[in-house]
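**Student:** Sending over a structure as structure tokens; questions will come in a sec.
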Amino acid sequence: MASGRRRERALVTGVVQGVGFRPFVYNLARGLGLTGFVTNTAAGVDLAVQGPGPACDEFFQRLRSESPPLAVIHGLERQEEPPAAGESEFSIRASQAGARRTLISPDVAVCEACLAEMLDPGDRRHHYPFINCTHCGPRYTIIQDLPYDRPQTTMSGFEMCPSCRAEYQDPGDRRFHAQPNACPVCGPRLWLSDARGNELEAADPVAAAAAALAQGRVVAVKGLGGFHLAADALSEAAVSSLRGRKHREEKPLAVMVADLEAAQRLAALDPAAAAALCSRERPIVLAPARPGSGLAPSVAPRNRLVGLLLPYTPLHHLLLAAAAELGAWALVMTSGNVSDEPICLGNAEAVCRIGAKAERGAIADLLLLHDRDIHLRSDDSVVRVVGGRLRALRRSRGFVPVPLFLRPELVPDGCPPILAAGAHQKNTLCLLRGREAFLSQHVGDLDDLRTLEFFELTAGHLARILEAEPQVLACDLHPDYLSTRWAQEQGRPLVRVQHHHAHAVAVMAEHGLSGPVLALSLDGTGYGPDRTVWGGEMLAAAAHGYRRLGRLRRFCLPGGEAAVKQPWRVGLALLDEVYGPEEAASLALGLVQRRGETLPLISQMIARRLNTPLTSSLGRLFDGVAALCGLREEVAYDGQAAVELEQAMTMPDEPGYAFALRETDGLIELDWGPLVEAVLADMAAGADCAAVSARFHGGLLAGLAAWAQAGAEFSGLDVACLGGGCLMNACLLAGLPRRLEALGLTVYTPAQVPANDGGLSLGQALAAVAAWGRGLVKEGETVLGPDTLEKPA
Ligand SMILES: [Zn+2]
Ligand SMILES: [Zn+2]
């Protein structure tokens, strides 16, 4: 053995399996003249290198800096060992059996190397829409079980041809152990079918689909995590026909363009937004639309923002290029479903649900199909840059299942796997395994059977691919959420977490805080332990419990759920509360005049509290103001009134409408009473919605800041967490932290995890962990609140 030789052993953890990590290690070690081995084990990638000290050091430095694109190194423990005698080469050893703690890569966009091959007429995969390699392509959506090997994926039916197999077996090849590796000879096939599912004769199905799109037809395109419905985004006729067939009259539709240059023609993209658009996660990026870009008005009616995304599958690249040749350089790409249903998955299912066999008539004229099955649906992710930071509005395809790594002090040793069932709307689940929090893809609104089935499939899938059987469950306090009922049926200890407490804990989890913090949960609606509808809450919150410090002044929701769809009910309820029924009926306000007939009925409902819950919801206050100023009295989708109210203004007008602070029931109340009177005075003076909105937003920022200051002084807390669906409002999300920081508070806001109900499961999971760590979790149910907050660690 030569002198000066060193042998180092290392365990690498993170996303290091199924991403080309072992061949990377192999090539790196051999290139540096090192001997040793690399292997997959239960704990991660185990490796040893032996050779001159400086070469070993260079190896470990480059291990981090040059690791494959999909690898995420989370831990790297180095240990010196006695050199092994007689070792003459570096080898990849067979994987060791046993329970593994693998991390599966998400589905990511096709890489540059594959794209170049696909466009090379001399390449054997020229124009092949399923080209992929170790650094790109489908993962999460095709894996059925572990270990992540081809037989356990939806590629199991395709046997590799000799050329593909040679690549697969060659450690020096970019496709070494690329499980979905395929080519035109041996892999999946693309075809075009009519709406009934009959294959159409087409030499080039992509060109035929592009021609149909350019003629204004709707084409269903099978993608990575489900079907898209595509239409020419520059043609008003095509887009409005798609909207009509999809029964989605108002909600904005996402638009795919070939590249960043085309995206810049449609929207003003700052560098952060442009980077997000081009990232390998390929989310939908919301950005200000450029007026006069040629985009059909029906893409995003009454909306200043447009949601853009770039191609992420090889098929998208081919289709966008072919359509652009025919003038259709921007395509609507919206999820392939009827409104509110989960996105379609299988070919036969697509024909039944969006093709000719659909109950309410075909949505798609043609279907671009293939025979690589999608095991698990995964919708497109949505992000937006607010306050200089990228914010996830929906965290799904491209991000899932990369976990959030929680700070060690947040998760006690020996904590069992915990599954949180999430919210009712925008549902996601969260499986906690040790310090890794795995948020699921977007499941959707749990009010139809299909979505519930998808929820259950996802729960089982997470447990299976992460090899973590949940021992404790967490869910919302709402007794009627299907997620709550499902959690109750599982026969495990269950931790019930109040909705707005969970919003706060989600933010704490993201930023590694254990609390207590001053939490502002600015939200639509959630179940309160006093059985009223909460939604504008100030809490002293730790992960394991909370105390309510303040709330928005309460008002009535006449008709309950109906008031959510019909903001005019909220507007009238605010007037009734401020002026009383008689005076309210005589107000010279457009809303009162238009709804004059129903006002006595609403007043009676309020007086007798008939189907009229009390609420402190800030989201509903936005709705009420939108109705008072005549902007929107009914909504077609969740949050529409608030979105349009925000977009009605350019800048918040400060100081704006005054809010008052008062003490009620031992709580610091933010009182909107003065605001209602001021809105009416402005309307009487002829103000328009833009002015009302600007003063509302300006007043709200100042009001929330004063409210938080009072809460901070009362509680002595100086760290604030902002969460809840109202932070979808960019004016609040960008403006409120600045104001609170000026008051001396340290402020945390959601970024990686959605502020809305899509992030709720993370908060529930961490709350359950903290409860477990304090011995609060017993058989049956544990409700977290003021009592559990007192429990010391
Ligand atoms: Zn590739
Ligand atoms: Zn092949």
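**Student:** Quick check on packing: order 674-681, 253-260 by the mean number of other C-beta atoms within 10 Å, highest mean leading. Mind dumping the intermediate values first?
**Tutor:** Details: 674-681: 18.2, 253-260: 21.9.
Averaged packing, sorted descending, gives the order 253-260, 674-681.
**Student:** Counting Lys and Arg as +1 and Asp and Glu as -1, what is the net charge of the other residues whose Cβ lies under 9 Å from the Cβ of Arg7?
**Tutor:** On the way: positive: Arg5, Arg6, Arg9; negative: Glu8, Glu80, Glu81, Glu87.
Taking every Cβ under 9 Å from that of Arg7, the sum is -1.
**Student:** How large is the dipole of region 551-748 about the Cα centre if only Lys and Arg carry +1 and Asp and Glu carry -1, each at its Cβ, rounded to the nearest 20 debye? Intermediate results must be reported in sequence, preceding the final value.
**Tutor:** Details: 15 positive and 24 negative charges, 66 e Å.
Here region 551-748 has a charge dipole of around 320 debye.
**Student:** Sketch the reach of a paramagnetic label on Ala85 as a point 7 Å from Cα along Cα-to-Cβ, and name the residues of region 1-39 whose backbone nitrogen lies under 15 Å away.
**Tutor:** 1-3
**Student:** Take every DSSP beta bridge whose two residues both sit in region 551-748, then give the antiparallel share in percent to the nearest 5. Spell out each step's value before the answer.
**Tutor:** Numbers: 7 of 12 bridges.
Within region 551-748, antiparallel bridges account for around 60 percent of the total.
**Student:** Mind listing the phi-derived Karplus ³J(HN,Hα) values for region 746-763, rounded to whole Hz, using 6.51, -1.76 and 1.60 with θ = phi - 60°, and x for any glycine or proline?
**Tutor:** Taking θ as phi minus 60°, the curve returns 8, 10, 10, 10, x, 9, 6, 10, x, 5, 7, 5, x, x, 4, 4, 5, x Hz for region 746-763.
**Student:** In addition: If contacts are Cα pairs under 8 angstrom and at least 6 residues apart, what is the relative contact order of the chain in percent?
**Tutor:** Values: 1892 pairs, mean separation 90.7, N = 793.
With pairs under 8 Å counted, the relative contact order is 11 percent.
**Student:** Given R₀ = 51 Å, what would the calculated FRET efficiency be for Arg547 paired with Leu115, taking r from the Cβ atoms and rounding to 0.05? Walk me through the numbers before you get to the answer.
**Tutor:** Working: r = 55 Å, r/R0 = 1.08.
Here the calculated transfer efficiency is 0.40.
**Student:** Further question on the same structure: Which residues in region 275-294 have a backbone N closer than 13 Å to a point placed 7 Å from the Cα of Ala268 along the Cα-to-Cβ line?
**Tutor:** 287-292
**Student:** Report the relative contact order of region 391-513, percent, no decimals, based on alpha-carbon pairs under 8 angstrom and at least 6 residues apart. Let's see the in-between values first.
**Tutor:** On the way: 198 pairs, mean separation 30.2, N = 123.
Relative contact order for region 391-513 comes out at 25 percent.
**Student:** Run the numbers for Tyr637 and Phe405: contour at 0.36 nm per residue of separation, minus the present Cα-Cα distance, in nm. All intermediate terms of the calculation are to be shown ahead of the outcome.
**Tutor:** Details: separation 232, 0.36 × 232 = 83.52 nm, distance 3.38 nm.
Length difference between fully extended and current span is 80.1 nm.
**Student:** Quote the FRET efficiency, to the nearest 0.05, computed for Glu790 versus Leu661 with a Förster distance R0 of 22 Å and r equal to the Cβ-Cβ distance. Mind dumping the intermediate values first?
**Tutor:** Values: r = 27 Å, r/R0 = 1.23.
Rounded to the nearest 0.05, the efficiency is 0.20.
**Student:** Now a separate question. Provide the FRET efficiency to the nearest 0.05 for the Glu159-Arg78 pair, computing r from the beta carbons and using R0 = 35 Å. Show your work: numbers first, answer last.
**Tutor:** Values: r = 41 Å, r/R0 = 1.17.
The pair Glu159/Arg78 has a calculated efficiency of 0.30.
**Student:** Roughly how tilted is helix 499-511, in degrees to the nearest 10 and between 0 and 90, from the longest Cα axis of the chain?
**Tutor:** Computed tilt is about 40 degrees.
**Student:** Another question, then. Within 10 Å, count the other beta carbons around each residue, average over each peptide in 647-660, 716-729, and list them highest first. Before the final figure, lay out each step's value.
**Tutor:** Numbers: 647-660: 17.1, 716-729: 23.6.
Most protected by this proxy first, the peptides run 716-729, 647-660.
**Student:** Accessible surface of Leu393 in the full protein assembly, 1.4 angstrom probe, to the nearest 10 Å²?
**Tutor:** Rounded to the nearest 10, the figure is 40 Å².
**Student:** May I ask you to compute the full-extension gain from Glu249 to Met651, defined as 0.36 nm times their residue separation minus their alpha-carbon distance, rounded to one decimal in nm?
**Tutor:** On the way: separation 402, 0.36 × 402 = 144.72 nm, distance 2.82 nm.
Full extension of this stretch gives 141.9 nm more.
**Student:** On a straight-distance basis, which lysines could pair with Lys791 in a cross-link, Cα separation under 16 angstrom, same-chain partners fewer than 8 positions away excluded?
**Tutor:** Lys778
**Student:** Let me ask something else. Could you check the simple spin-label distance between Asn27 and His511, using points 7 Å along Cα→Cβ, in nm with one decimal?
**Tutor:** Taking the two extended label points, one gets 4.2 nm.
**Student:** Along region 656-669, what does the Karplus equation 6.51 cos²θ - 1.76 cosθ + 1.60 (θ = phi - 60°) give for ³J(HN,Hα), rounded to whole Hz, x for Gly and Pro?
**Tutor:** With coefficients 6.51, -1.76 and 1.60, one gets x, 5, 7, 9, 10, 10, 8, 9, 9, 6, x, 10, 7, 9 Hz.
**Student:** Between Glu489 and Cys278, what is 0.36 nm times their sequence separation minus the Cα-Cα distance? Round to one decimal in nm. Intermediate values should be presented prior to the final figure.
**Tutor:** On the way: separation 211, 0.36 × 211 = 75.96 nm, distance 4.31 nm.
Stretched out fully, the Glu489 to Cys278 stretch lengthens by 71.7 nm.
**Student:** Additional query: Give a residue-ordered list of calculated ³J(HN,Hα) values for region 556-563 (Karplus: 6.51 cos²θ - 1.76 cosθ + 1.60, θ = phi - 60°; whole Hz; x for Gly, Pro).
**Tutor:** 8, 10, x, x, x, 4, 4, 5
**Student:** Still on this structure: Out of all DSSP beta bridges with both ends in the chain, state the antiparallel percent to the nearest 5.
**Tutor:** On the way: 85 of 117 bridges.
Rounded to the nearest five, the antiparallel share is 75 percent.
**Student:** Right, another one. May I ask you to rank Thr313, Thr13 by accessible area, largest first, using a 1.4 Å probe over the protein chains only?
**Tutor:** Details: Thr313 15, Thr13 40 Å².
Result, largest first: Thr13, Thr313.
**Student:** Here's a follow-up. Counting alpha carbon pairs within less than 8 Å and at least 6 residues apart, what relative contact order, in whole percent, applies to region 106-188?
**Tutor:** Values: 118 pairs, mean separation 25.9, N = 83.
The value is 31 percent.
**Student:** Please enumerate, by chain and number, the lysines with C-alpha under 27 Å from the C-alpha of Lys222, excluding those fewer than 8 residues away in the same chain.
**Tutor:** Within the straight-line limit of under 27 Å, Lys222 reaches these lysines: Lys246, Lys251, Lys357, Lys426.
**Student:** Further question: With everything on Cα atoms, drop me the angle between helix 449-465 and the longest principal axis of the chain, reported from 0 to 90° to the nearest 10.
**Tutor:** For 449-465 against the chain, the angle is about 40 degrees.
**Student:** Not counting ligands, DNA or RNA, and with a 1.4 Å probe, what is Glu77's accessible surface area in Å² rounded to the nearest 10?
**Tutor:** 130 Å²
**Student:** Among Leu308, Ala328, Leu369, whose Cα lies farthest out toward the positive end of the dipole of region 190-370, if unit charges sit on the beta carbon of Lys, Arg (+1) and Asp, Glu (-1)?
**Tutor:** Leu308
**Student:** A follow-up question, please. State the answer as a single residue: which of His126, Val578, Val517 lies farthest towards the positive end of the charge dipole of the chain, with beta carbon charges of +1 for Lys and Arg and -1 for Asp and Glu, about the Cα centre.
**Tutor:** Positive-most Cα among the choices belongs to His126.
**Student:** How tilted is helix 236-246 with respect to the longest principal axis of the chain? Cα atoms for both, answer in degrees (0 to 90, nearest 10).
**Tutor:** Roughly 90 degrees, rounded to the nearest 10.
**Student:** Taking H placed 1.01 Å from N in the peptide plane, check which residues at least 5 places from Leu393 or on another chain put their amide H under 5 Å from its amide H.
**Tutor:** Hits under the 5 Å cutoff: Val382, Val383, Arg384.
**Student:** Just reorder Ile354, Ile92 by solvent-accessible area, largest first, 1.4 Å probe, all chains present. Mind showing how you got there, number by number?
**Tutor:** Values: Ile354 0, Ile92 50 Å².
Most to least solvent-accessible, the answer reads Ile92, Ile354.
**Student:** Could you size up the charge dipole of the chain around its Cα centre, putting +1 on the beta carbon of Lys and Arg and -1 on that of Asp and Glu, and report it in debye to the nearest 20? Please report the intermediate quantities before stating the final value.
**Tutor:** Working: 75 positive and 89 negative charges, 162 e Å.
About 780 debye.
**Student:** Which listed residue (Gly294, Thr451, Leu618) has the Cα farthest towards the positive end of the charge dipole for the chain, taking +1 on Lys and Arg C-beta and -1 on Asp and Glu C-beta about the Cα centre?
**Tutor:** Checking the options against the dipole of the chain, the answer is Thr451.
**Student:** Let me ask something additional. Give the distance, in whole Å, between the Cα centre of region 437-510 and the Cα centre of region 678-715.
**Tutor:** 36 Å
**Student:** So how far apart, in nm, are the two label points at Ser586 and Glu58 if each is 7 Å from Cα heading toward Cβ?
**Tutor:** Distance between label points: 9.1 nm.
**Student:** Would you please give the residues with an amide H less than 5 Å from that of Ser95, counting only those at least 5 places away or on a separate chain, with H modeled from the backbone geometry?
**Tutor:** For Ser95, the qualifying residues are Asn40.
**Student:** OK, next. Taking amide H positions as placed 1.01 Å from N in the peptide plane, with prolines and chain starts having none, which residues 5 or more places from Leu234, or on another chain, fall under 5 Å of its amide H?
**Tutor:** Result for Leu234 returns Ala296, Ala330.
The values are calculated or read from the model by the stated rules, or taken from the named source; none is laboratory data. Only a predicted model underlies this, so the values are computations on that prediction, with no experimental measurement involved. Cβ coordinates were reconstructed from backbone atoms using ideal geometry, including for glycine residues, and neighbour counts include every protein chain displayed. Surface accessibility is based on the protein's heavy atoms, side chains included, excluding ligands, DNA and RNA. Shrake-Rupley method; radii C 1.70, N 1.55, O 1.52, S 1.80 Å.
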